[in-house]
Each structure stands twice: as structure tokens, then as C-alpha cells.
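The values are calculated or read from the model by the stated rules, or taken from the named source; none is laboratory data. Keep in mind the model is a prediction, meaning the values are calculated, not measured. Glycine also receives a Cβ, built like all others from the backbone with ideal geometry; neighbour counts cover every protein chain displayed.
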Ligand code: APR
Ligand code: ZN
């Protein structure tokens, strides 16, 4: 972990009028939820075209639920890790305005973050695509999966955004408002290959924001959008930045 960059990030956060975080699956890796595109990631096991596309759900919901069950089993037992907890602390200290997350695991909220925008929806509620019945899924157990609609008995779909589905309007509007009005973005644990999500840091950059990337490896943002990349695990880097903020503020 590059301590000079940790110190630089802490200084940039303290000098920033408004800082937001933009997170991807990498921030939850240390909570035991594999990401999508690293080796051993979810898309190595389940081809996203066959399992994560809305048309796949319409044609073969039972098959898609094989992947969803795997996701639910990981999410149900996952706990926030020091990276999630660090962002929640940064918000409490008044140095973080919002977390825009691509994740659907709810770990930012569990860690105590209050202003969380779920750009790709949430696994916590499920909807019926036939009769628009909705279910609060927070009390679902593995044995309840896949859940059926109590009105028309079709298989329910978690309110996560599948490929081919629109981003929830409110999440999209608030996210771009945040990206246009911030002066720094902490881009944490995302491969930045999925749009429109990946345009959030790009939009911020175009308006002069400082882009601080935290990832185990470079991404398409690293060269040209990020001001600097702090290489390593979010679970170590975020707490180190918070400690440095506390030390120098
Ligand atoms: N610390 C920091 N970065 C990490 C860690 C970690 N411990 N573990 C993995 N990473 C990085 C990887 O190097 C990679 O760049 O996190 C990134 C994860 O990338 P993806 O698996 O592509 O996840 P994400 O960017 O969130 O995917 C975006 O794609 O499949 C869709 O809807 C899904 O929201 C998801 C979207
Ligand atoms: Zn129904």
C-alpha cells in the first residue's frame, strides 16, 4: 500500500468541498462476496447473457434463479468489511456526501452509511413481472427460494437491474446530480466497464473533480480519468485513509 498516496488522498478529502464515493463489487470482496469479472468471479460461473439479462429471466426464470440463489446465499451471510465501515465513518465525520453503489448487497447501509444510492437496484425487494406484486425479501430464507407471487404464482424477480433493464430513474437522477456537483470522487472496487454507471466518475472529471481510484489493478479509468490509483485492497486502503484524515485534520 503506497503510504504517500494514502496521505495524498487524506489531504484531497480534507480540501474537497464535496466528496462522493462510487463503489463496485470489489468493495464487497473482503466480505466474502466474489466480484463479477476477477478470476473466480460470478460471471466465470454464470454467463451474464444467459443469467443476468432480463430476456433470460422472462424466458427461463427457473434457470436464472440458479444464479440468483448463489448470489442470495452469499449476500445473506455477508457482513460489512472495514472498507464499508470506513466510508460510513467518513460520512459521519462530514467528509463524504454520498455513496453511489453498483452493488445490490446492502452492505453500505448495514455498515451505517445513510446517503446510499443503489444504481443497480437492490436484492432486498422482489417484484412479479406478471402482476406487479412486490415482496419485502429481507426475511427470505434459502429454503424460500425461488419465491413465487402469492397472487399469480409466477416466480418473483429481485429488484436488481438486469442487463437490458433501465436504471431506476431516481437513482440515475440523484447520482448524476451528485457527480456534477462534487469536487472529489473515491472510485472503489469497480472495473468501470458497465454503462451508464461508469460514466459517473467521467462526468465528475469533466467538471473538474479529483478522481481517486482504489483497486487491486488498473481499470479503463486509470489512464486519463483517475488522478491517481491506489493499488491494493479496499479493506486495507480505506481504513488507512480514514486514520490519516483523523491524524491531519
Ligand atoms: N479491493 C479493491 N478492488 C477490488 C478488490 C478489493 N478487495 N477485489 C476486487 N477488486 C476490483 C477488481 O480488480 C475489479 O476491478 O473490483 C473490480 C470488480 O469489478 P467487477 O467484478 O466488474 O464488478 P463491478 O465493477 O461492480 O461490475 C459492475 O457489472 O455485472 C454487472 O451489475 C453488475 O454492478 C455490476 C456491474
Ligand atoms: Zn404475480
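Structure summary
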| read-out | value |
| --- | --- |
| Selection within segment 9-68 - assigned to a loop (DSSP other than H, G, I, E, B) and under 22 Å from residue 147 (Cβ atoms) | 33, 46, 52, 60 |
| Residue in segment 101-114 that is surrounded by 14 or more Cβ atoms within 10 Å (Cβ to Cβ), touching a helix residue (DSSP H, G or I) at 6+ places or on another chain (Cβ under 7 Å) and on the phi > 0 side of the Ramachandran plot present | yes |
| Of all residues in segment 105-117 being in contact (Cβ under 8 Å) with a residue 40 or more places away in the chain and in contact with a strand residue (DSSP E or B) (Cβ under 6 Å, 6 or more places away or on another chain), the one that is nearest to ligand 2 (Cβ to nearest atom) | 117 |
| Looking only at segment 140-167, and only at residues there that are more than 19 Å from residue 70 (Cβ to Cβ) and either under 22 Å from the mean Cα position of the chain (by Cα) or buried (at least 18 other Cβ atoms within 10 Å of the Cβ) (or both), the one that is farthest from ligand 2 (Cβ to nearest atom) | 167 |
| Residue count, segment 118-155 (criterion: more than 18 Å from residue 77 (Cβ to Cβ) and in contact (Cβ under 8 Å) with a residue 40 or more places away in the chain) | 8 |
| Subset of segment 205-249 [more than 30 Å from residue 32 (Cβ to Cβ) and in contact with a strand residue (DSSP E or B) (Cβ under 6 Å, 6 or more places away or on another chain)] | 205, 209, 210, 227 |
| Number of the condition not met by residue 188 [criteria: (1) exposed (fewer than 14 other Cβ atoms within 10 Å of the Cβ); (2) under 24 Å from residue 26 (Cα atoms)] | (1) |
| Failed criterion for residue 73 (all others in (1) surrounded by fewer than 21 Cβ atoms within 10 Å (Cβ to Cβ); (2) part of a strand (DSSP E or B) hold) | (2) |
| Residue tally, condition away from ligand 1 (no atom under 16 Å from the Cβ), out of contact with any strand residue (DSSP E or B) (no Cβ under 9 Å at 6 or more places or on another chain) and under 15 Å from residue 118 (Cβ atoms), over segment 148-197 | 3 |
| Number of positions in segment 100-116 that are assigned to a strand (DSSP E or B) and either over 20 Å from residue 173 (Cα atoms) or within 13 Å of ligand 1 (Cβ to nearest atom) (or both) | 2 |
| Residue in segment 209-221 that is surrounded by the most Cβ atoms within 10 Å (Cβ to Cβ), counting only those that are out of contact with any helix residue (DSSP H, G or I) (no Cβ under 7 Å at 6 or more places or on another chain) and within 16 Å of residue 21 (Cα to Cα) | 213 |
| Count - residues of segment 13-46 that are more than 16 Å from the chain's Cα centre (by Cα), surrounded by 19 or more Cβ atoms within 10 Å (Cβ to Cβ) and either in the same structural domain as residue 229 (by TED's automatic domain parsing) or over 26 Å from residue 70 (Cβ atoms) (or both) | 3 |
| Within segment 118-139, considering residues that are more than 16 Å from ligand 2 (Cβ to nearest atom) and in a helix (DSSP H, G or I), the one surrounded by the most Cβ atoms within 10 Å (Cβ to Cβ) | 138 |
| Leading residue by the ranking (nearest to residue 178 (Cα to Cα)) among those in segment 84-99 that are out of contact with any strand residue (DSSP E or B) (no Cβ under 7 Å at 6 or more places or on another chain) and part of a helix (DSSP H, G or I) | 91 |
